[in-house]
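Below: the structure, in structure tokens.
The values are calculated or read from the model by the stated rules, or taken from the named source; none is laboratory data. In this text the structure is predicted, and so the values were computed from the model without any measurement. Cβ sites come from the backbone with ideal geometry, for glycine too, and all protein chains shown count toward neighbours.
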Amino acid sequence: MGSATISTMSQRPSIRIPRWIQLVGLPVLLLLAWTLAGTLGHAIFLFLTASVIAFLLNPLVRGLQGLRIRRGFAVAVVFLSFAAAMIVVIVALVTVVVEQTRSAADRVDAYLTDEPGRSGDSAFDRDVADLESWLHDRGIDVELRDQVDEWIADVNVSDLTQEAISFAGGAAFGFVQLVFSIVLIIVIAVYMLLDMPKLERSIDRRFPPHGGDPLTLRIERALGSYVRGQVLLSTIIGASAGIGMWLLGVLDLVPGADQYALLFGLWTAVVEVIPYIGPWLSAVPPAIYALIVDPISFLWVLALFVFIYQVEGHVVVPKVMANALRLHPLLVIFGLLAGAELYGIAGILVALPVLAAGRAIWEFFAERVTLEPWDEGAVPVEVEVERPKAVNAP
């Protein structure tokens, strides 16, 4: 059998893949795809991101078309509404974050620099002195205050300034690249949305649904399910972190944490989008705050986030994200590692929705493609075994 053949089934035709294609063609195709992904990583990332956005917004455009609105105008309305909503959310988040960050910075600065009473020492100095006394009482002779003064004296302000200038220059260049990439993604997504009906008709002609859902509709549902699951997961975990920090502040276990509970909750909800890494990053700002304000309170923050991670891993994620992705954990981990290798953090963010869309595509073609079994038509091969010659006794 020299090529893929189509056999008639009772309900839908099936494409039969010969054994030689399975053995040679598929591995070569995978190797070629990986090579192209490494060479054209940036272009592929832009098109994948634009495709995800286009498939997510297409149901809204289709709904506006149902109201007798032309598709071009519907695309403009959906994109402008989406952009306006994103701007409102970003402005609101930035306002809250900046306000609470400034308040937290003032509190930390007061802890490090203010000189309460007539002692001439800051709260940080008193805490260091108390820690030194506690260590000395237990036979540990360490001069922490002298060590801190030496570290501060070793700081080279000129070097720090040069590093700050270099960082600012790199950040500015990266920001320009980011803006350019965002503009390209929007332009590509707009073109995809405008031509989506043509794409759907072309795919349906080549791969008819045969009574089931079309391929594009399956991709839309898979992406919508993932986004709903991720939003629900971020809301639950972010709210849990915010309420937990608020309770620790009210109970005075972490002094002042109730004033910044909203900031910590928003941070946790945002970084929860980053799989596997996000939960660990979410605990960093609360832990640093607790260490500065009161080192003992760090243990309460640690206990809170360990509890949240346990609930997330054993209750929330299996209930919320299991139905959204329906992928094996090893495949998810490989997709995240591949995304990180190809495009860093941005690749990690795009990896899961791409995997969700890939699952929908796989299920669609799995109903239409069969692999020729390797035991079919096997030719027996006779193997002649040479017997050892008898050895004559002397």
Residue satisfying all of: in region 268-293; of a type outside the set (Val, Ile, Thr) and in contact (Cβ under 8 Å) with a residue 60 or more places away in the chain; nearest to residue 234 (Cα to Cα) among these
275
Somewhere in region 275-282, is a residue modelled with pLDDT of 80 or more and touching a helix residue (DSSP H, G or I) at 6+ places or on another chain (Cβ under 7 Å)?
yes
Only one of these conditions is not met by residue 45: (1) more than 27 Å from residue 209 (Cα to Cα); (2) surrounded by 15 or more Cβ atoms within 10 Å (Cβ to Cβ); (3) modelled with pLDDT under 85. Which number is it?
(3)
Within region 200-216, which residues are in a helix (DSSP H, G or I) and surrounded by 13 or more Cβ atoms within 10 Å (Cβ to Cβ)?
200, 203, 204, 215, 216
Please verify whether region 218-233 includes one or more residues that are surrounded by 10 or more Cβ atoms within 10 Å (Cβ to Cβ), at pLDDT 85 or above and more than 20 Å from the chain's Cα centre (by Cα).
yes
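Which residues, counting only those in region 37-60, are over 28 Å from residue 224 (Cα atoms) and not polar (S, T, N, Q)?
Across region 37-60, the qualifying residue is only 38.
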Which of the numbered conditions does residue 246 fail, given that it passes all the others? Conditions: (1) out of contact with any Asp or Glu (no Cβ under 6 Å at 6 or more places or on another chain); (2) at pLDDT 85 or above.
(1)
Pick from 229, 238, 242, 211: which is on the phi > 0 side of the Ramachandran plot and touching a residue at least 24 places away in the same chain (Cβ under 8 Å)?
211
Against the definition (part of a helix (DSSP H, G or I), surrounded by 16 or more Cβ atoms within 10 Å (Cβ to Cβ) and out of contact with any helix residue (DSSP H, G or I) (no Cβ under 6 Å at 6 or more places or on another chain)), how does residue 342 come out, yes or no?
no
Residue 204 passes all but one of (1) touching an Asp or Glu at 6+ places or on another chain (Cβ under 9 Å); (2) free of Cβ contacts under 8 Å to residues at least 24 places away in the same chain; which number fails?
(1)
Verdict on residue 252 being touching a residue at least 24 places away in the same chain (Cβ under 8 Å), out of contact with any Phe, Trp or Tyr (no Cβ under 9 Å at 6 or more places or on another chain), under 30 Å from residue 134 (Cα atoms) and not hydrophobic (A, V, I, L, M, F, W, C)
no
Test: residue 224 is touching a Phe, Trp or Tyr at 6+ places or on another chain (Cβ under 9 Å), assigned to a helix (DSSP H, G or I) and of a type outside the set (Phe, Trp, Tyr)
yes
